[in-house]
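Asker: Encoded as structure tokens, here's the structure I'll be asking about.
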Amino acid sequence: MANMMDHAKVISVKNALRHGDIFTRLSAVIMGAGNICRKQIIKGLLYLAAEILFIAFMVVSGFGLLGGLTTLGTNEGGEVFNEAAQVYEYTSGDNSMLILLYGILAIIAVIAFVLLWRSSLKSAYQAQLLQQEGKAVPSFRQDLAALLDQNLHKTLLAGPIVCIIAFTILPLVFMAAIAFTNYDRNHQPPGKLFDWVGFSNFGKLLDSSSGLGTAFWHVLGWTIVWAVFATFLNYILGMILAIVINRQDTKWKSMWRFIFVLSIAIPQFVSLLVIRTMLQPEGSINVLLKQLGLIQKSLPFWTDVTWARITIIVVNLWVGVPYTMLQVTGILQNIPADLYEAARVDGANAVVQFFKITLPYMLFVTTPYLITQFIGNINNFNVIYLLTQDVFVTSNQALANSNAKEVDLLVTWLFRLTNEYYNYKMASTIGIIVFILCAVFTLIAFSRFLKGDREEAFR
């Protein structure tokens, strides 16, 4: 019996409906009723006002906005002949994009109201329990004061949550919805309407027998290869560079670090554009090699697929290794010196010390960094796009027909489909697939490599 009583005191919607009195249950229909009956007048009136505003919104436009999501518009704009005036007049018609956007906003409004309704019911039930226990029900002034004290976290998080909903969740939901439509250059609002097509875009993209599917799997393969090389080569070379510079026998450590960090001082997009120009068939690198007599014809940095991919990886090393070197340098300086002293006493040479002490400690500290870098390289837009834009021409006809290139990552292909070819539906579909890939890999990686107390090995 005691356990049942304690359970009933838990503030939840279920308990409010099951154990609440008539005033609490009335709050499920008339928001704020329970608060008003228990002298929380202002709080109850605010809940009631919110309910009235929501009902008014739904009656005036909300139901219409939600209904528009079923068709995304039926009245297509165009020219209509006015017989009275004997002229053609343009009618705007429906705008599928606005219908979709406003429909999503209406759904968010409904979800917000449901959360507010839950808050109202739980607040009424809490006031009921306080009254039954003979405790004072907090006034509106006390509730406001609590927002600056024990509920300060709610106050501080309110602004960020609103911004996240407005600038992150809403665009993501809108983008995801586009993937289930036929929105492209042939269905451009407001002149043309677009409609729901279900999962057909995903089917086209994942079907390896179609031209679009062939391009997708080709680009996905190169994306994974690029992410692996760009992540682990940067990491390995940056670590080796940091270890060499950090050795006791290495002189002028600060000078060496300064030299390698110079590449960071120049904005990356400037460096990439300059390198792209230098590596063209008539660029400075090929011209110099010809003048020195080392080559007879220009090296195909941007005209051959294999050369282009290797060039991209090498250039990325030049850009990324200094960052890894700086991070690793700080970690190396924090490895306990007594570990190395104990290893030397046991007769371990430098190689053994590296594989038994340095590398495990580095991996322990930098595993989150490696995971985030891998995900970042999957979505590495700058290096690929800035190096290959306007200089690399695909020779694969299947890829060309799908508006892709052999050097494209999924993210650059997505951008190209959106910015150059207005194929928004496939771009959104690719975006969802990229998100799923990154989310699955991140969850697996973090759960696999960051579980347990691995720090015990270094204590």
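Every residue, every condition in (1) under 17 Å from Phe113 (Cβ atoms); (2) more than 34 Å from the chain's Cα centre (by Cα); (3) modelled with pLDDT under 90; (4) not acidic (Asp, Glu), yes or no:
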| position | (1), (2), (3), (4) |
| --- | --- |
| Leu26 | no, yes, no, yes |
| Lys39 | no, yes, yes, yes |
| Leu66 | yes, no, no, yes |
| Asn82 | no, yes, yes, yes |
| Thr91 | no, yes, yes, yes |
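Asker: Check whether at least one residue in region 262-269 is out of contact with any Leu (no Cβ under 6 Å at 6 or more places or on another chain) and either charged (D, E, K, R) or at pLDDT 85 or above (or both), and report yes or no.
Answerer: No, there is no match, as no residue in region 262-269 is out of contact with any Leu (no Cβ under 6 Å at 6 or more places or on another chain) and either charged (D, E, K, R) or at pLDDT 85 or above (or both).
Asker: Shifting gears a bit: Among the candidates Ile436, Ile430, single out the residue that is in contact with a helix residue (DSSP H, G or I) (Cβ under 9 Å, 6 or more places away or on another chain), part of a helix (DSSP H, G or I) and aliphatic (A, V, I, L, M).
Answerer: Just one listed residue meets the conditions, Ile430.
Asker: Wholly within region 104-214, which helices (runs of 4 or more DSSP H) include no fewer than the required count, namely at least 3 residues that are farther than 30 Å from Gly34 by Cβ and among the hydrophobic types (A, V, I, L, M, F, W, C)?
Answerer: Per the criteria, 170-178, 200-206.
Asker: A further question follows. Give Leu170, Leu220 a once-over and let me know the one that is surrounded by 14 or more Cβ atoms within 10 Å (Cβ to Cβ), of a type in the set (A, V, I, L, M) and not assigned by TED's automatic domain parsing to the domain that holds Ser92.
Answerer: Being surrounded by 14 or more Cβ atoms within 10 Å (Cβ to Cβ), of a type in the set (A, V, I, L, M) and not assigned by TED's automatic domain parsing to the domain that holds Ser92 holds for just one of Leu170, Leu220, which is Leu220.
Asker: Hey, any hits in region 144-152 for a residue that's of a type in the set (Gly, Ala, Ser), surrounded by 11 or more Cβ atoms within 10 Å (Cβ to Cβ) and within 17 Å of the chain's Cα centre (by Cα)?
Answerer: No, region 144-152 has no match at all.
Asker: Can you pull out every residue in region 407-424 that is surrounded by fewer than 21 Cβ atoms within 10 Å (Cβ to Cβ), under 24 Å from Ile224 (Cα atoms) and touching a residue at least 24 places away in the same chain (Cβ under 8 Å)?
Answerer: Those that are surrounded by fewer than 21 Cβ atoms within 10 Å (Cβ to Cβ), under 24 Å from Ile224 (Cα atoms) and touching a residue at least 24 places away in the same chain (Cβ under 8 Å): Val411, Phe415.
Asker: In the list Val270, Val287, which residue meets the criterion of being without any contact (Cβ under 8 Å) to a residue 60 or more places away in the chain, among the aliphatic types (A, V, I, L, M) and within 17 Å of Asp390 (Cβ to Cβ)?
Answerer: Exactly one residue qualifies, and that residue is Val270.
Asker: Could you give me the residue pairs with C-beta distances under 6 Å whose first residue belongs to region 25-50 and is assigned by TED's automatic domain parsing to the domain that holds Ala124, whose second residue is buried (at least 18 other Cβ atoms within 10 Å of the Cβ) and in a loop (DSSP other than H, G, I, E, B) wherever it lies, and which are 6+ apart or on separate chains?
Answerer: Within 6 Å, the pairs are Ala33/Ser27; Gly34/Ser27; Gly44/Gly32; Tyr47/Met31; Tyr47/Gly32; Leu48/Met31; Leu48/Gly32.
Asker: For Ala404, all conditions in the list (1) assigned to a helix (DSSP H, G or I); (2) buried (at least 18 other Cβ atoms within 10 Å of the Cβ); (3) among the small types (Gly, Ala, Ser) hold save one; what is the number of the exception?
Answerer: Status for Ala404: all satisfied but (1).
Asker: Would you mind telling me which numbered condition in (1) at pLDDT 90 or above; (2) exposed (fewer than 15 other Cβ atoms within 10 Å of the Cβ) Ala215 fails?
Answerer: In the conditions (1) at pLDDT 90 or above; (2) exposed (fewer than 15 other Cβ atoms within 10 Å of the Cβ), Ala215 misses (2) alone.
Asker: Just to be sure before I move on: is Asp249 among the acidic types (Asp, Glu), modelled with pLDDT under 85 and out of contact with any strand residue (DSSP E or B) (no Cβ under 6 Å at 6 or more places or on another chain) in the structure I sent?
Answerer: yes
Asker: For Phe381, work out the one condition from (1) free of Cβ contacts under 8 Å to residues at least 60 places away in the same chain; (2) in contact with a helix residue (DSSP H, G or I) (Cβ under 7 Å, 6 or more places away or on another chain); (3) surrounded by fewer than 18 Cβ atoms within 10 Å (Cβ to Cβ); (4) over 26 Å from Ile444 (Cα atoms) it doesn't fulfil.
Answerer: Failing condition for Phe381: (4).
Asker: Within the bounds of region 190-204, is there any residue that is of a type in the set (Ser, Thr, Tyr), surrounded by 17 or more Cβ atoms within 10 Å (Cβ to Cβ) and at pLDDT 85 or above?
Answerer: no
Asker: Would you tally the residues in region 141-199 being acidic (Asp, Glu) and farther than 18 Å from Tyr422 by Cβ?
Answerer: Result for region 141-199: 2.
Per-residue answers, yes or no, for (1) closer than 29 Å to Phe446 by Cβ; (2) in a helix (DSSP H, G or I); (3) polar (S, T, N, Q):
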| residue | (1), (2), (3) |
| --- | --- |
| Val352 | no, yes, no |
| Phe355 | yes, yes, no |
| Pro360 | yes, yes, no |
| Phe364 | yes, yes, no |
| Thr367 | yes, yes, yes |
| Ile375 | yes, yes, no |
| Leu386 | no, yes, no |
| Thr394 | no, no, yes |
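Asker: Taking the stated definitions as given, is Leu399 at pLDDT below 90, surrounded by 18 or more Cβ atoms within 10 Å (Cβ to Cβ) and not in a loop (DSSP other than H, G, I, E, B)?
Answerer: Against the criterion (at pLDDT below 90, surrounded by 18 or more Cβ atoms within 10 Å (Cβ to Cβ) and not in a loop (DSSP other than H, G, I, E, B)), Leu399 qualifies.
The values are calculated or read from the model by the stated rules, or taken from the named source; none is laboratory data. If you're wondering where the values come from, they're calculated on a predicted model, not measured in any experiment. Cβ atoms come from the backbone with ideal geometry, glycine included; neighbour counts cover every protein chain shown.
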